[in-house]
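Written out below as structure tokens is the structure these notes cover.
The values are calculated or read from the model by the stated rules, or taken from the named source; none is laboratory data. Since the structure is predicted, the reported quantities are computational estimates derived from the model, not experimental observations. Positions of Cβ are generated from backbone atoms using ideal geometry, with glycine treated the same way; all protein chains shown enter the neighbour counts. Areas reflect the complete protein model, heavy atoms only, side chains present, ligands, DNA and RNA absent. Shrake-Rupley method; radii C 1.70, N 1.55, O 1.52, S 1.80 Å.
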Amino acid sequence: MSAQHAVAQSPTTLAEIRLVAEQVIDSDGDFSILASLEDGHHYMQWIEHDGAIYVELSDPTYNDQPPLDSAQLAAVATLGFEKRKINFGRDFAPDELDSDSLASFLLECFAEVFGITDPAMLELSVNR
């Protein structure tokens, strides 16, 4: 495995998610992906850009999968995401999130939208 791409060993823990969130926040353009082990079309990714954080939540229809239902779409809106070209996106201003709040937000999104509450059911990858 190269230094450019690392994947957490299962099970993923909250501590690993916090660590990766901190690495992305402190980076210059690094990004990470957190995906469901059961359904790879359910994922989130986040990237640092000029000190800000952009978080993206997957839209399964882009991958020819069944669409989110009305309750899931309501959760997406409540969490502050807007439909973008491919997925749902949300921008956070510089210093709006620290690693703990970013990790908590990611897990809240998985719980509310995809019904996944256990970090061990997620796969974490980091790209530099």
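Residue by residue, here is whether (1) of a type in the set (Ser, Thr, Tyr); (2) more than 16 Å from Glu38 (Cβ to Cβ); (3) part of a loop (DSSP other than H, G, I, E, B); (4) over 13 Å from the mean Cα position of the chain (by Cα) holds:
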{"site": "Pro66", "(1), (2), (3), (4)": "no, no, yes, yes"}
{"site": "Leu73", "(1), (2), (3), (4)": "no, yes, no, yes"}
{"site": "Ile86", "(1), (2), (3), (4)": "no, yes, yes, yes"}
{"site": "Leu97", "(1), (2), (3), (4)": "no, yes, yes, yes"}
{"site": "Ser101", "(1), (2), (3), (4)": "yes, yes, no, no"}
{"site": "Glu108", "(1), (2), (3), (4)": "no, yes, no, no"}
ask   = For Val113, which of the numbered conditions (1) among the β-branched types (Val, Ile, Thr); (2) in a loop (DSSP other than H, G, I, E, B); (3) in contact (Cβ under 8 Å) with a residue 12 or more places away in the chain fails to hold?
value = (2)
ask   = Give me the pairs: first residue in the range 78-93 and open to solvent by 30 Å² or more (accessible area, probe 1.4 Å), second residue part of a strand (DSSP E or B) and among the hydroxyl-bearing types (Ser, Thr, Tyr), beta-carbon distance under 9 Å, and six or more apart or on different chains, which are they?
value = Arg90/Tyr54; Asp91/Tyr54
message = Looking only at residues that are farther than 15 Å from Leu97 by Cα and assigned to a helix (DSSP H, G or I) in the range 17-62, which one is least open to solvent (accessible area, probe 1.4 Å)?
response = Pro60
request  = Report yes if some residue within the range 4-16 is more than 12 Å from the chain's Cα centre (by Cα), more than 15 Å from Leu124 (Cβ to Cβ) and either surrounded by fewer than 19 Cβ atoms within 10 Å (Cβ to Cβ) or not acidic (Asp, Glu) (or both); otherwise report no.
outcome  = yes
task = Can you give me the number of residues within the range 75-92 that are out of contact with any strand residue (DSSP E or B) (no Cβ under 6 Å at 6 or more places or on another chain), at pLDDT 95 or above and aliphatic (A, V, I, L, M)?
result = 3
ask   = Any residue at all in the range 108-119 that is closer than 19 Å to Pro11 by Cα, open to solvent by less than 60 Å² (accessible area, probe 1.4 Å) and aliphatic (A, V, I, L, M)?
value = yes
